[in-house]
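Reviewing the structure listed below.
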Amino acid sequence: MSKFDATVIGSGPGGYVAAIRCAQLGMKTAIIERYPTLGGTCLNVGCIPSKALLDSSEHYHNALKHFGKHGIETDGLSLNWPSMLARKDEVVSQTCTGVEYLMKKNEIEVFHGNGAFLSSQSIQITRDDGTQIQIESEKVIIATGSKPSSIPGVEIDKQRIITSTEALKLKEVPKSLLVIGGGIIGLELGSVYSRLGSEVQVVEYLDCLIPSMDGSLSKEMLRTLKKQGIKFFLSHAVQEVKSSQNKVLISALNKKEEKVEFEADYCLVAVGRHPYTEGLNLEAAGLKVDERGRVPVDENLQTTVQGIYAIGDVVKGAMLAHKAEEEGVFVAETMAGEKPHMNYRNIPSVLYTWPEAAGVGYTEEELISEERDYKSGSFPFRALGRARAAMETDGLVKILADPVTDEILGIHMMGARVADLIAEAVVALEFRASTEDLARISHAHPTFAEAVKEAALDATAKRPLHL
Ligand code: FAD
Ligand code: NAI
């Protein structure tokens, strides 16, 4: 029987990164993945395919709506949906193959099949053809990720009532799409189809969009996406979704408890995801999940059983690929006796609509609920030369800081390229910069990054230069 120092169950961004770091630290490492391709949700049905379709649909939308203003004629422009899907599949395939290469390069043994505990150090792997093998491992990392959730009254049939997985490979661009949930998936995939010509309606239970982000981004995003043609129904609780022939009928209750009905070609259910531990046989290792289905872990991400760790979407915290990756590195280094550190507060969050939204650190709502004093500064994109040159004037940067020490507490932004601009904000928070530090750093002109400097000038002493 094969024996390993470390075995990772699940090859998503948490799992494969943990395996690489274990191998780099000299551990004999194995990784188990139940699907034929490596990379987990992120590479196969999450981050990568959704961004591929977001990028393609954005090109189409720009060609259709904005190229004319740049003096570029696009007569005869048409959409080739099968080609768009094929490019997305090619990107996914190349990325997954890249992970296979990384496993080989780091001499990590890959097992395909379902991994299930026989005991805390023994795992049975069941392949698709039913054959089984058993391996032993001194340490085990559970990185089995998450699956889409639904709500009572909504049965996902994967044909008309779908999750993000099906939405990434629909055979046609729907004439109409109803999205349940105005969170990250709802807005990203809603944007894809809206840009391609679908009539998109978003039904959200709360009175705001993207509730995990700063409230000012939520308001600005609502305004901007409405302008792009997406219809929003906030404070609506979906009661039931039924599919009949080629249509889906949705009923919801509005704030006044009145019944509101919707009809669409497809209904995308995007109401969150839940941790996935089915088939792991956790009991055999002496483990139990908590009331929300997560594997409980301590501050070292070790479970209640010594030598078994858990990371990524299957444990508490934001369900983000880069959070899972950081945890993978953290656990490998902890197992190797090092003393790594993770600052959960400084994990950025990004929404890849256009314009994009991104944030890191405290939101204004969190500071208010903690009754913490703060000052703020902001700067609108419309006052940036670069934004006008690019015709990308929607958006802003907002900085929250301690009024006494000037230390930055949170940075939130919406606008073109903020998914990349947020990296500067993360560095500032990680190094505990003050708003004055950021305000005094030279930012290249003309760039969108100048909005960060100007927002810092506004926060430090209400002295923006270009407003
Ligand atoms: P996963 O990526 O879910 O991987 C878990 C793996 O474990 C899977 O491959 C699964 O097959 C395998 N597995 C499960 N049980 C077993 C078993 N018993 N034996 C063997 N293998 C098993 N996050 C971002 O940060 N940025 C984004 O842009 C982004 N976009 C997203 C878009 C969509 C549409 C979705 C759905 C998610 C997106 N996410 C994004 C979230 C991101 O995909 C997850 O946070 C991330 O994949 C979690 O990584 P993980 O390693 O914990 O688990
Ligand atoms: P989410 O938590 O972002 O949003 C779910 C939304 O559904 C919330 O706004 C919630 O209020 C709403 N909702 C819940 N019940 C409802 C009901 N009965 N009726 C109407 N609305 C209801 O979850 P989402 O969008 O499904 O994404 C899942 C996870 O995947 C997220 O945690 C996110 O972090 C991750 N993800 C990250 C991305 C990124 O980093 N860009 C992209 C896509 C997903």
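Across segment 393-407, rounded Karplus estimates of 3J(HN,Hα) from the backbone phi angles (6.51 cos²θ - 1.76 cosθ + 1.60, θ = phi - 60°) give 8, 6, x, 6, 10, 10, 10, 10, 8, 6, x, 9, 8, 6, 5 Hz, Gly and Pro being marked x.
With θ taken as phi - 60° and the Karplus curve 6.51 cos²θ - 1.76 cosθ + 1.60 applied, the whole-hertz 3J(HN,Hα) list for segment 310-315 is 9, 9, x, 5, 7, 10 Hz, x standing for glycine and proline. Using the rule -39500 (n - 2.57) for each DSSP H run of four or more residues, divided by the residues of the chain, the 222 nm mean residue ellipticity is -10000 deg cm²/dmol.
Evaluate the charge dipole of the chain about its Cα centre and quote only its size in Debye, nearest 20, assuming +1 on the Cβ of each Lys and Arg and -1 on the Cβ of each Asp and Glu.
Numbers: 50 positive and 63 negative charges, 196 e Å.
My answer is approximately 940 debye.
Of the residues I441, L189, H70, the one whose Cα sits farthest towards the positive end of the charge dipole of the chain is H70 (charges of +1 on Lys and Arg Cβ, -1 on Asp and Glu Cβ, taken about the Cα centre).
Using +1 on the beta carbon of Lys and Arg, -1 on that of Asp and Glu, and nothing else charged, what's the dipole of segment 355-461 about the Cα centre, debye to 20?
Values: 10 positive and 20 negative charges, 110 e Å.
With Lys and Arg at +1 and Asp and Glu at -1, about 520 debye.
Could you pull out the trypsin sites (Lys or Arg not before Pro) across segment 326-400 that fall in loop regions by DSSP (anything but H, G, I, E, B) with no more than 16 other Cβ atoms inside 10 Å? Passing both the DSSP loop test and the Cβ count: R372.
Can you send over the carbon and sulfur percentage of the accessible area for segment 355-461, probe radius 1.4 Å, protein chains only?
That share works out to 49 percent.
Of the cross-linked pairs K175/K256; K375/K462; K175/K231; K288/K316; K175/K247; K3/K28, those separated by over 18 Å at the C-alpha level are K175/K256. Of the residues L206, A270, F233, the one whose Cα sits farthest toward the positive end of the charge dipole of segment 161-271, with +1 on the Cβ of Lys and Arg and -1 on the Cβ of Asp and Glu, is F233.
How do M413, M335 stack up against each other in accessible area, from largest to smallest, with a 1.4 angstrom probe? Could you put the intermediate results ahead of the total?
On the way: M413 0, M335 25 Å².
Most to least solvent-accessible, the answer reads M335, M413.
What you get for segment 239-319, charging only the Cβ of Lys and Arg (+1) and of Asp and Glu (-1), is a dipole of about 120 debye around the Cα centre. Simple spin-label estimate for K69 and E407 gives 4.2 nm between the two label positions (7 Å along the Cα-to-Cβ direction from each Cα).
Heavy-atom accessible surface of H66, to the nearest 10 Å², is about 70 Å², with a 1.4 Å probe and all protein chains retained. Annotation note: trypsin sites (Lys or Arg not before Pro) in segment 160-202 located in DSSP loop regions with a Cβ neighbour count of at most 10 within 10 Å are K171. For the pair E291 and D55, label points projected 7 Å from Cα toward Cβ lie 4.3 nm apart.
A probe of 1.4 angstrom, applied to the heavy atoms of all protein chains, finds S83 with accessible area near 60 square angstrom.
In loop segments of segment 157-255 as defined by DSSP, the GluC sites (Glu not before Pro) with at most 14 further C-beta atoms inside 10 Å of their C-beta are E172. Of the whole protein surface, D298 contributes about 60 Å² of accessible area at a 1.4 Å probe radius. Once you divide the Cα radius of gyration of the chain by 2.2 N^0.38 Å, the number left is 1.04.
The values are calculated or read from the model by the stated rules, or taken from the named source; none is laboratory data. Every value quoted in this text rests on a predicted model; they were computed, and no experiment measured them. Note: ideal-geometry Cβ built from the backbone for every residue, glycine included; neighbour counts use all protein chains shown. For accessibility, only protein heavy atoms count, side chains too; no ligands or nucleic acids. Shrake-Rupley method; radii C 1.70, N 1.55, O 1.52, S 1.80 Å.
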